[in-house]
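These notes are about the structure you will find just below.
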Amino acid sequence: MDRAALPFVAVIALVITPLIGVGAISLHYLFGVIVPYVAALIFFAGFIMKVVNWGTSPVPFRIPTTCGQQKSLPWFKHSKLENPVTGIQVIGRMFLEVVFFRSLFRNLKPEIRGGPRIVYGPTKWLWFFALMFHWCFFIIFFRHLRLFTEPVPGVVTFVDRIDSMFQICIPPIYLTDLGLLLGITCLFLRRVIVPQVRYLSLPSDYFPLFLIIGIAVTGMLMRYVIRVDIIKVKELALSLAAFSPKVPQGIGVIFYTHLFLVCVLAMYFPFSKLMHLGGVFMSPTRNLANNNRIVRHINPWNPKVKLHPYEEWEDEFRDKLLDAGIPVEKKG
Amino acid sequence: MGESQGLSALLQKKRADIITRWAGILVDSYPSGAHEFLSNKKNRFANPVGYTIAKEIAAMVDGLINRQDIDSFSSSLDKIMRIRTVQDFKPSEALAFVYQLKGVIRECLDESLSDAEVRAGLEELDAFTDALGLLAFDIYVGCKEQLYQLRVDEVKRNTYMLVKRAKMLVEGPEGDQGSRNLV
Amino acid sequence: MAKTPSPQELWNIDHKPPKKWWMDLPLNIRPGNFSYPAKPQILKELDMPNPRPWSPLDEDWKLPPNWKEIVLEGIRERLDKFRTFKVFMDICVRCGACADKCHFFIGSGDPRNMPVLRAELLRSIYRGEFTKAGKLLGRFGGARELTVDVIKEWFHYFYQCTECRRCSVFCPYGIDTAEITMLGREILNLLGLNINWIMEPVRNCFKIGNHLGIQPHSLKDMVDFFIDDIEEVTGVRIEVPFMKKGAEVLFVTPSGDYFADPGTYTFMGYLMLFHEIGLDYTMSYYAAEGGNFGLFSSNENMKRLNAKIYAEAKRLGVKWILGGECGHMWRVINQFMDTMNGPADFLEVPKSPITGTVFENARSTKMVHITEFTSDLIKHGKLNLDPSRNDHLKVTFHDSCNPVRAMGLLEEPRYVIKNVCNNFYEMPEDTIREKTFCCGSGSGLNNDEFMEMRMRGGLPRANAVQYVHDKHDVNTLACICAIDRAALTTLMNYWVPDVTVYGVHELVANALVMKGEKKRTTDLRQMPIPGMEDAEDV
Ligand code: HEM
Ligand code: SF4
Ligand code: SF4
């Protein structure tokens, strides 16, 4: 728990900052325009730099982790997605990884329940909540496009419609809002409750969790409790997107809090483990085909090494080889 | 063991408690990052140590309740000690859990301790626990000795053909038969 | 007088480990849990840095005075050379999916054996020295300072990873702790921190041609013993071609098969098979070693040893190469050989001279696994097999880590086994195939001074064998790896003494009916085959 305390305090401080900055000393332009632009700049520049930096290191060896039958003789059923040999199969494998967290799904644990029968227990919580969290996060992110576009593209409206299908109250509750909150809360609880995971967690693992919880809570407050003027928010968003920022009067301070936390997340992103978003696509154990014996992989820095060539070897052992009647290249 | 029926019944009543605490002592002897993992006793294949602790401790507690003689404990004790011998424990640390049973039982029987019959039974149980400790010690030393033997055997096996060739050179082809024993 | 402490109080003294976080845990190095350092002479012969006598038990490890610079430069260089290193350092989310997948953690409970923490040992230094965030946040950001104690910790834990890649299977990003261990060992090499059990075989293999450093003429004698033994068992006298120019196939197998019991029987198995199908092959004394302990030391050393195979294939003028049963050897062949020492354009795409099958899957590397080759023979009915000779064996199969997780060789050995044995039982699903448990002795840790650790690390594997032993009376553990044949034998002796370890081609040879053979009454180990003892009288 000690390692979670500091990040918690940090996020509280981050929540308070715009409350003071906007609520008390009216720095609307700073929090509505400057911080978002800086954050966007840092995010995109940082993200690109990181990916380019990864990209500048070569992949000297083709080392996929193979998780199924290789392609060999025709009567052995090749496991195309677990042990891909073509580009298409690799894409299939990556698709399962990125969209369904295939590897995480492997986390089944056999259990013995009453007697020697083995049952594969549902210890897939990590997979389930991680998937729930990520999908909800993605859809929410996608839905936000309605604020930055005019007219709003059909898909965005469509997703919005589906997401808010359940008319429990006015305004309709988004399923993804609940999913995000539930997912991330469970990921957090898992981190503090499961001692093994708590043991290996760093403060920097708690920080994004608290931050995203903060974003989700302020977002939901804004939508369901302390309403803000959505027209004005859209005005601001569009003006930011058009690079002619204008800050409309009278948007509630809760909005600035939400926005500020998002900005912090964006600025933090490129320098943190959240870069797994980019990294998962660049991981050489997953994104390469197991076709090493079919197509030669080139190592750009293939080292020059000192060898022990046959001729030297024969020179060293010639007498013994001859004595034993073993054929040699040179007799003497 | 002796005659104290009353104690057996009491132990039976507290069976679950005793097992949990005694197994808990074993789990506690591992580094703190591993406790949850080891306490999850259901995963026989993902977690053989935890599974073995849970299963064999329960078997031994049942043995105590049913007043089985000490030989019937050796298989359970062997399973646990065989693991602890190859882990990062000093001999005393590897063995301590056996003696800690005394404390476990006293904790579990707290209210009944004033009862004279129970106290007499406890004394017997203490003596029995000491005997268990000695048995565990034998097993521990046996395992260590086996490890040394395995080291020697393996080195011999790894150079099996070398030894065979060396023998051949010294003794001629007849010397061959003996080295088969290394198998 | 003080009150006598209760038994409770007495026994609770000092037996609980400290509840410390891993960054604060002390290092516990003691006999039985580390491997002996490499001898200085050996490092010298391999031109490796800082040869000197030292011991992990000493306070002073005799590091070079500028060790810190060397390490940081070593990390920097490898970050620039390996994308894996950069990406794996940056993206771990510490979700813990890998934490309980390592056999060393399962067997020891030592948190620093969780793959994620093994990687954090290095990652924390990477953060502290190479990232701004780490420099800024310090421990809060999971960073720490590079000290001699950290180096000691690396040595201890990077030589407690068998590079089995089980953790990598479960990681959502495929983070491969084996890769981090390999890089960690390369960096330790720069300081002269390496273990003898790896460096001596590397040196022997480099200078002489096999792990034990057996000279060619002695190797020849040994092969002659095999020929005698085979004749004794089968009545057939075979020939074993070595250094034969113009043969069709070069056969390379781990040298453990020449001298280590029970690998020797597997070796006899290959020889009998090749004789029976009339394969035009040769072996080499120069490239006598398929195994490659260079893999466990550095990519350069791996390349130096592996280079011999192609060189010898070229000198002898063979058409393609056949490889014997070995685990890490096949990781090298499948994932590294062609890249390091190819292209093998002087060879032809492997084609079985017996069945005509072309091994398209080895089109570029030109090297075929013996179980691929034998499955093809069996499929085409080229072998006369009598599996009933193996009826006294109830067989299970141990998937070696490398053929599975660095290649995907799953069905071939099973197909062969099922054709030569009538009783085959799989171990539980989560302990085989891509989730297979390591023997606990891989990556050069199969030395005898490391025995306690090996028995711990092998516990999950042994435990699964125990299960099929109890349930199906399994008494035979088949495998396709030379290290396994040696290490699993010891492991079984400790945990499941009724189970014996066999190579797959030993089982093949036992079932193989050879032309002109006498009635078989014993198996290759010259043990009577139950039910066949009295066959002689018939
Ligand atoms: C906008 C992009 C993304 C964000 C903001 C994000 C955020 C996060 C966060 C905060 C965690 C930590 C959860 C925790 O600590 O318990 C996490 C974990 C994880 N992320 Fe992402 N992620 C993103 C994209 C992805 C993608 C594309 C993948 C595809 C594989 C992915 C896979 C995972 C997995 C498997 C976990 C482990 C769950 C855990 O740690 O409990 N994420 N992600
Ligand atoms: S499974 Fe992968 S991401 Fe998760 S803790 Fe392990 S190495 Fe890190
Ligand atoms: S590669 Fe194997 S031994 Fe190494 S950390 Fe991963 S699971 Fe453990």
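The values are calculated or read from the model by the stated rules, or taken from the named source; none is laboratory data. The structure presented is a predicted model; accordingly, all values stated were derived computationally and were not measured. Reconstructed Cβ throughout: ideal geometry from the backbone, glycine too, with neighbour counts over all protein chains shown. In case anyone asks, the SASA skips ligands and DNA or RNA and just uses the protein heavy atoms, side chains included. Shrake-Rupley method; radii C 1.70, N 1.55, O 1.52, S 1.80 Å.
Below are the figures for this structure:
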| item | result |
| --- | --- |
| Criterion violated by C:Arg112 - all others in (1) free of Cβ contacts under 8 Å to residues at least 40 places away in the same chain; (2) within 16 Å of ligand 2 (Cβ to nearest atom); (3) not in a loop (DSSP other than H, G, I, E, B) satisfied | (1) |
| Hits in segment C:362-372 (condition: buried (at least 23 other Cβ atoms within 10 Å of the Cβ) and within 10 Å of chain A (Cβ to nearest Cβ)) | C:Ala362, C:Thr365, C:Lys366, C:Met367, C:Val368, C:His369, C:Thr371, C:Glu372 |
| Qualifying position, being within 16 Å of ligand 2 (Cβ to nearest atom) and either more than 29 Å from C:Ile91 (Cβ to Cβ) or of a type in the set (S, T, N, Q) (or both), among A:Ser204, A:Ser244 | A:Ser204 |
| Given (1) open to solvent by less than 20 Å² (accessible area, probe 1.4 Å); (2) outside the structural domain of A:His144 (by TED's automatic domain parsing); (3) not β-branched (Val, Ile, Thr), index of the condition A:Glu316 fails | (1) |
| Cross-chain or 6+ apart pairs with Cβ under 6 Å, segment C:35-51 first and among the charged types (D, E, K, R), then modelled with pLDDT under 95 | C:Lys39/C:Asn196; C:Lys44/C:Pro51; C:Glu45/C:Arg203 |
| Qualifying residue in segment A:161-175 (condition: open to solvent by less than 20 Å² (accessible area, probe 1.4 Å) and either aromatic (Phe, Trp, Tyr) or out of contact with any Phe, Trp or Tyr (no Cβ under 8 Å at 6 or more places or on another chain) (or both)) | yes |
| Index of the failed condition, C:Leu63 passing every other in (1) more than 16 Å from ligand 1 (Cβ to nearest atom); (2) more than 27 Å from the chain's Cα centre (by Cα); (3) without any contact (Cβ under 8 Å) to a residue 24 or more places away in the chain | (3) |
| Residue within segment C:195-204 that is outside any helix (DSSP H, G or I), open to solvent by less than 20 Å² (accessible area, probe 1.4 Å) and within 14 Å of chain A (Cβ to nearest Cβ) present | no |
| Qualifying residue in segment C:95-109 (condition: away from chain B (no Cβ under 14 Å), free of Cβ contacts under 8 Å to residues at least 24 places away in the same chain, closer than 26 Å to A:Val51 by Cβ and not in a helix (DSSP H, G or I)) | no |
| Which numbered condition C:Val468 misses (of (1) more than 25 Å from C:Pro254 (Cα to Cα); (2) open to solvent by 20 Å² or more (accessible area, probe 1.4 Å)) | (2) |
| Filter result (surrounded by 14 or more Cβ atoms within 10 Å (Cβ to Cβ) and touching a Gly at 6+ places or on another chain (Cβ under 9 Å)) within segment A:3-22 | A:Val11, A:Leu14, A:Val15, A:Val22 |
| Filter pass, B:Val61 being among the hydrophobic types (A, V, I, L, M, F, W, C), within 14 Å of chain C (Cβ to nearest Cβ), within 22 Å of B:Asp28 (Cβ to Cβ) and buried (at least 21 other Cβ atoms within 10 Å of the Cβ) | no |
| Candidate set from segment C:495-538 (those that are part of a strand (DSSP E or B) and farther than 30 Å from C:Gly107 by Cβ); member that is modelled with the highest pLDDT | C:Leu512 |
| Selection within segment C:325-346 - open to solvent by less than 10 Å² (accessible area, probe 1.4 Å) and not in a helix (DSSP H, G or I) | C:Glu325, C:Cys326, C:Ala344 |
| Residues within segment A:189-212 that are touching a residue at least 12 places away in the same chain (Cβ under 8 Å), among the hydrophobic types (A, V, I, L, M, F, W, C), under 17 Å from C:Ala99 (Cα atoms) and more than 8 Å from every other protein chain (Cβ to nearest Cβ), tallied | 1 |
| Residue match in segment C:209-223 (condition: in contact with a Gly (Cβ under 9 Å, 6 or more places away or on another chain), β-branched (Val, Ile, Thr) and either within 18 Å of C:Met283 (Cα to Cα) or surrounded by 22 or more Cβ atoms within 10 Å (Cβ to Cβ) (or both)) | no |
| Of all residues making up segment C:471-485, the number that are open to solvent by 10 Å² or more (accessible area, probe 1.4 Å) and within 13 Å of chain B (Cβ to nearest Cβ) | 3 |
| Top-ranked residue of segment C:49-92 - restricted to ones that are buried (at least 21 other Cβ atoms within 10 Å of the Cβ) and assigned to a loop (DSSP other than H, G, I, E, B), ranked as farthest from ligand 2 (Cβ to nearest atom) | C:Phe82 |
| Any helices (runs of 4 or more DSSP H) falling wholly within segment C:237-320 and containing at least 2 residues that are under 15 Å from C:Pro201 (Cα atoms) and open to solvent by less than 10 Å² (accessible area, probe 1.4 Å) | C:256-259, C:299-316 |
| Answer from A:Ala237, A:Ala324, A:Ala289, A:Ala242 - the residue that is among the small types (Gly, Ala, Ser), more than 7 Å from chain C (Cβ to nearest Cβ) and touching a His at 6+ places or on another chain (Cβ under 9 Å) | A:Ala237 |
| Residue within segment A:211-219 that is over 18 Å from A:Val9 (Cα atoms) and assigned by TED's automatic domain parsing to the domain that holds A:Tyr256 present | yes |
| Of all residues making up segment A:257-310, the number that are without any contact (Cβ under 8 Å) to a residue 40 or more places away in the chain and open to solvent by 40 Å² or more (accessible area, probe 1.4 Å) | 8 |
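Here's the yes/no breakdown for (1) surrounded by fewer than 24 Cβ atoms within 10 Å (Cβ to Cβ); (2) within 16 Å of ligand 2 (Cβ to nearest atom); (3) over 18 Å from C:Gly256 (Cβ atoms):
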position	(1), (2), (3)
C:Asp399	no, no, yes
C:Asn419	yes, no, yes
C:Pro428	yes, no, yes
C:Cys438	no, no, no
C:Ser441	no, no, no
C:Gly444	no, no, no
C:Pro460	no, no, yes
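Listed here are the residues, each with its yes/no results for (1) at pLDDT below 95; (2) not basic (Lys, Arg).
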{"residue": "C:Asn33", "(1), (2)": "yes, yes"}
{"residue": "C:Glu45", "(1), (2)": "yes, yes"}
{"residue": "C:Pro51", "(1), (2)": "yes, yes"}
{"residue": "C:Ile70", "(1), (2)": "no, yes"}
{"residue": "C:Arg78", "(1), (2)": "no, no"}
{"residue": "C:Phe85", "(1), (2)": "no, yes"}
{"residue": "C:Gly96", "(1), (2)": "yes, yes"}
{"residue": "C:Cys102", "(1), (2)": "yes, yes"}
{"residue": "C:Phe105", "(1), (2)": "yes, yes"}
